[in-house]
């Protein structure tokens with residue numbers, strides 16, 4: 001059984017589909033987009049159930065656990081994918097304390113305390129995979145606070161990997177780059193943007209949600225049992241070097 005947060009669309013949906021294709025039942029988490037989550041569940045042939053909860057607010061982990069527990073029906077959770085995230089809030093000059101606090105609450109506090117609460121139901125030998133970003137290794141002034149949250153997520157990944165190793169639980173992160181999917185396709189229609197990104201990507205194209213999902217699925221698989229505490233770049237080599 002896997003739980004994927006933010007699975008109603010985009011990368012989260014692709015991860016849910018890929019894990020289901022590998023045989024997992026998936027708890028499809030969503031916040032506002034219940035219809036999208038229902039579509040995700042339909043796309044995996046109903047192999048799972050919905051978990052509706054806002055993250056980054058008081059009581060969020062209890063809301064998730066209250067819905068997850070009946071679905072587990074006494075079984076253990078094998079895979080947790082922390083995918084849900086708040087979007088970048090812009091450059092420091094335009095940022096606000098409220099937006100900053102929201103980013104930290106959704107992108108850092110929520111996955112941290114979700115892991116804490118789910119340890120009781122997570123199987124020994126289980127997998128925790130968090131979705132980070134190449135923003136942690138790039139200086140993008142438009143994403144400073146966002147990159148800070150993802151840097152915290154990567155630090156959490158390394159330290160929890162050390163702590164949970166005694167139970168055989170691996171903890172890793174995946175760092176996508178520019179990833180086009182149905183929900184953000186309009187962003188890449190800005191004249192010249194896609195071409196600029198592709199020119200700075202070693203593999204010469206934009207990423208897809210499925211590209212990221214493949215890496216997550218590998219880290220969640222038995223084949224990745226000897227990998228822990230790592231951040232796997234899934235950007236196709238964005239800003240890897242001078243072209």
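The values are calculated or read from the model by the stated rules, or taken from the named source; none is laboratory data. Worth saying up front: this structure is predicted, and the values here are computed from it rather than measured. Cβ coordinates were reconstructed from backbone atoms using ideal geometry, including for glycine residues, and neighbour counts include every protein chain displayed.
Here's the yes/no breakdown for (1) in contact with a helix residue (DSSP H, G or I) (Cβ under 9 Å, 6 or more places away or on another chain); (2) free of Cβ contacts under 8 Å to residues at least 24 places away in the same chain:
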residue	(1), (2)
29	yes, no
38	no, yes
66	no, yes
70	no, yes
78	no, no
87	yes, no
102	no, no
114	yes, no
121	yes, no
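If a residue has to be in contact (Cβ under 8 Å) with a residue 12 or more places away in the chain, closer than 16 Å to residue 22 by Cβ and not in a loop (DSSP other than H, G, I, E, B) to count, how many in region 220-243 make the cut? Step through it out loud before you land on a result.
At the first step, the residues of region 220-243 found to be in contact (Cβ under 8 Å) with a residue 12 or more places away in the chain are 220-221, 224-225, 227-241, 243.
Next cut, closer than 16 Å to residue 22 by Cβ only: 220-221, 224-225.
Applying the additional criterion that residues be not in a loop (DSSP other than H, G, I, E, B) yields 224.
Count: 1.
Go through region 42-60 residue by residue and tally those that are over 20 Å from residue 85 (Cα atoms) and either in contact with a strand residue (DSSP E or B) (Cβ under 7 Å, 6 or more places away or on another chain) or not in a helix (DSSP H, G or I) (or both). Write out each step before concluding.
First pass over region 42-60, keeping only residues over 20 Å from residue 85 (Cα atoms): 42-49.
Checking the rest, the ones that are also either in contact with a strand residue (DSSP E or B) (Cβ under 7 Å, 6 or more places away or on another chain) or not in a helix (DSSP H, G or I) (or both) come to 44-49.
Number satisfying all stated conditions: 6.
Residues in region 120-130 that are more than 22 Å from residue 213 (Cβ to Cβ) and not in a loop (DSSP other than H, G, I, E, B): how many?
Residues that pass the stated criteria total 1.
Mind listing whichever residues of region 131-183 are under 21 Å from residue 109 (Cβ atoms) and not in a helix (DSSP H, G or I)? Break it down into steps so the answer makes sense when it comes.
To start, the set of residues in region 131-183 that are under 21 Å from residue 109 (Cβ atoms) comprises 131-133, 135-136, 143-164, 169, 171-175.
Selection gives 131, 132, 133, 169, 171, 172, 173, 174, 175.
If I filter region 61-72 for residues that are over 17 Å from the mean Cα position of the chain (by Cα), more than 28 Å from residue 147 (Cβ to Cβ) and outside any helix (DSSP H, G or I), do I get at least one hit?
Looking for residues that are over 17 Å from the mean Cα position of the chain (by Cα), more than 28 Å from residue 147 (Cβ to Cβ) and outside any helix (DSSP H, G or I), one finds none in region 61-72, hence no.
Consider residue 32 against the criteria (1) assigned to a helix (DSSP H, G or I); (2) surrounded by fewer than 17 Cβ atoms within 10 Å (Cβ to Cβ); (3) under 20 Å from the mean Cα position of the chain (by Cα): it satisfies all of them except one. Which criterion is unmet?
(1)
Before we move on, is residue 77 touching a strand residue (DSSP E or B) at 6+ places or on another chain (Cβ under 7 Å), at negative phi and at pLDDT 95 or above?
For residue 77, the condition - touching a strand residue (DSSP E or B) at 6+ places or on another chain (Cβ under 7 Å), at negative phi and at pLDDT 95 or above - is met.
Does region 40-64 hold any residues that are more than 26 Å from residue 112 (Cα to Cα) and touching a residue at least 12 places away in the same chain (Cβ under 8 Å), and which are they?
Those that are more than 26 Å from residue 112 (Cα to Cα) and touching a residue at least 12 places away in the same chain (Cβ under 8 Å): 43, 44, 45, 47.
Would a scan of region 158-166 turn up a residue that is within 23 Å of residue 80 (Cα to Cα), crowded, with 20+ Cβ neighbours inside 10 Å and modelled with pLDDT of 90 or more?
yes
Would you mind stating whether residue 217 is in contact with a helix residue (DSSP H, G or I) (Cβ under 6 Å, 6 or more places away or on another chain), buried (at least 18 other Cβ atoms within 10 Å of the Cβ), modelled with pLDDT of 90 or more and in a helix (DSSP H, G or I)?
yes
I'd like the full set of residues that are in a helix (DSSP H, G or I) and without any contact (Cβ under 8 Å) to a residue 40 or more places away in the chain, limited to region 89-100. I'd like the intermediate steps shown before the answer.
Pass one, region 89-100, residues in a helix (DSSP H, G or I): 97-100.
If the condition is that a residue be in a helix (DSSP H, G or I) and without any contact (Cβ under 8 Å) to a residue 40 or more places away in the chain, then 97, 98 are the ones that fit.
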